[in-house]
Amino acid sequence: MSIHYGSPRAWATSADPVYEALSGAIVAASPVSLLGRSVLDLGAGTGATSRALEAACSRAVALDVSAAMLAHRHATRPPAVVGDMATIPLATGSIGGVIAAFSLSHVEDPGAVLAEARRVTVPGGPVIVGVFAATGTRHPAKEVVEREAAGRGWKAPAWYLHLKDDLEPRVTDRRALARLARDAGLAVVDLRDEDVDTGVDTAEGLVGWRLSGPALAPFVASLPARERDDLAGAAAAALGSDVERLRLGVRILASVVPVGPGA
Ligand SMILES: C[S@@+](CC[C@H](N)C(=O)[O-])C[C@H]1O[C@@H](n2cnc3c(N)ncnc32)[C@H](O)[C@@H]1O
């Protein structure tokens, strides 16, 4: 079942800044210096992780299955390739490192993706994975916005339920994630949870974050402008003015491709 990112513009408006803050924490967990290093951004989307890589002075290369996501502001983005991260279109040992920020949970076979990440990365190079921590902070905005949308006819798409129920648990569980990395031949250096402050602290920001995600954005785009505003306004009012700042739990696996004989 493929996941549809119907609205890069919607994503880039509100979700992208949240993912940039989260990506910064993942990039900072690299077990190897990223200075000047070429790093492949798997599932790059509209570029939040690539920007975090560039802020760390590495040379990002973006890969995503969605040409529309990569096309967003392409003129100011690093080089990009449309492709499937389960069959990375790069030569063996040709890249300095790989990062998969919130993308490993989107594939049917995360082990195959990590094996590919290992194959294309130079020995000693980092392979870093970020996922939402299953035990991390849950913000009430998710439930509030989904309830308001459901009241107006939104139904969670089948792919979203598959992602939440089947795919995410395969990579969010600590032990499962570490085992996937080891089975792919990676040396796990660190596996930690971080609570990241996204900087979003208004009801409007929280509602925008939820409505711009791929599960809701196509529904929102299908509404007449007045109903769209009504949905956003009702969700913001339900959250109230004294909102809880958006902090999200991220689980970060930092590994390297082994060096030397038998690696
Ligand atoms: C949640 S977004 C994360 C984007 C970005 N890393 C960020 O943090 O903003 C997941 C991205 O993975 C991409 N994706 C999903 N399955 C993929 C696959 N098999 N190969 C490459 N990209 C994929 C989607 O198109 C989407 O852009």
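Mind telling me which of ASP230, ASP197, ASP41 comes out most flexible in a GNM of the chain, alpha-carbon contacts under 10 Å?
Among ASP230, ASP197, ASP41, the largest GNM mean-square fluctuation belongs to ASP230.
Could you tell me the relative contact order of the stretch 10-85? Use alpha-carbon pairs under 8 Å, at least six residues apart, and round to a whole percent.
28
Which of the three applies to the stretch 51-98, rounded, prolate or oblate, going by the alpha-carbon gyration tensor with a ≥ b ≥ c and a/c under 1.5 meaning rounded?
oblate
Can you give the helix-only mean residue ellipticity at 222 nm for the chain, where every DSSP H stretch with n ≥ 4 adds -39500 (n - 2.57) and the sum goes over all residues, rounded to the nearest 500 deg cm²/dmol?
Taking each H run of at least 4 residues, the total per residue is -10500 deg cm²/dmol.
Which whole-number percent gives the relative contact order of the chain, counting Cα pairs below 8 Å spaced six or more residues apart?
Once normalised by length, the contact order is 25 percent.
Quickly work out the THR202-to-ARG245 label distance, labels modelled 7 Å from Cα along the C-beta direction, and quote it in nm with one decimal.
1.6
Using a basic spin-label model with each label point 7 Å from the Cα along Cα→Cβ, how many nm lie between ARG175 and VAL81?
Result: 3.7 nm between the two label points.
Which one of ASP229, ASP64, ASP201 has the biggest mean-square fluctuation once the chain is modelled by GNM with Cα springs under 10 Å?
Of ASP229, ASP64, ASP201, the most mobile in the Gaussian network model is ASP229.
Quick one: grab the alpha carbon gyration tensor of the stretch 1-137, order the square roots of its eigenvalues as a ≥ b ≥ c, and give me rounded if a/c is under 1.5, else prolate or oblate depending on whether a/b is larger than b/c.
Verdict is rounded for the stretch 1-137.
Is any residue of the stretch 56-86 close enough, with backbone N under 14 Å, to a label point placed 7 angstrom from the Cα of ASP166 along the Cα-Cβ axis, and if so, which?
none
Arrange the following residues from fewest to most other Cβ atoms within 10 Å of their Cβ: ARG210, ARG138, ARG37.
Ascending Cβ contact count within 10 Å gives the list ARG138, ARG37, ARG210.
Looking at the square roots a ≥ b ≥ c of the eigenvalues of the Cα gyration tensor of the stretch 211-263, which shape do they give, rounded for a/c under 1.5, prolate if a/b is larger than b/c, or oblate?
oblate
Out of residues 5 or more away from VAL189 or on other chains, whose amide H comes under 5 Å of its own, with H placed 1.01 Å from N in the peptide plane?
Residues meeting the criterion, in which the H sits 1.01 Å from N, are ALA254, SER255, VAL256.
For the chain, modelled as a GNM with alpha-carbon contacts under 10 angstrom, which of ALA117, ALA55, ALA101 fluctuates the most?
Comparing ALA117, ALA55, ALA101 in the GNM, the peak value goes to ALA55.
Roughly how many nanometres apart are two label points built 7 Å out from the Cα toward the Cβ at SER33 and LEU223?
Taking the two extended label points, one gets 5.1 nm.
Mean separation of Cα pairs under 8 Å and 6+ residues apart, divided by the residue count of the stretch 14-55: what relative contact order is that in percent?
After rounding, I find 60 percent.
Whole-Hz ³J(HN,Hα) for each residue in the stretch 208-214, computed from phi via Karplus 6.51 cos²θ - 1.76 cosθ + 1.60 with θ = phi - 60°, x for glycine and proline: what do you get?
x, 4, 6, 5, 8, x, x
What whole number of Å gives the distance from the Cα centroid of the stretch 146-205 to the Cα centroid of the stretch 238-261?
Cα centroid of the stretch 238-261 versus Cα centroid of the stretch 146-205: 9 Å apart.
Read the figures in this text as sums done on the coordinates, not as results from a lab. What you see is a predicted model; the values in this text were computed from it and never measured. When we count neighbours, we look across all protein chains shown, and the Cβ atoms used for this are built from the backbone with ideal geometry, even at glycine.
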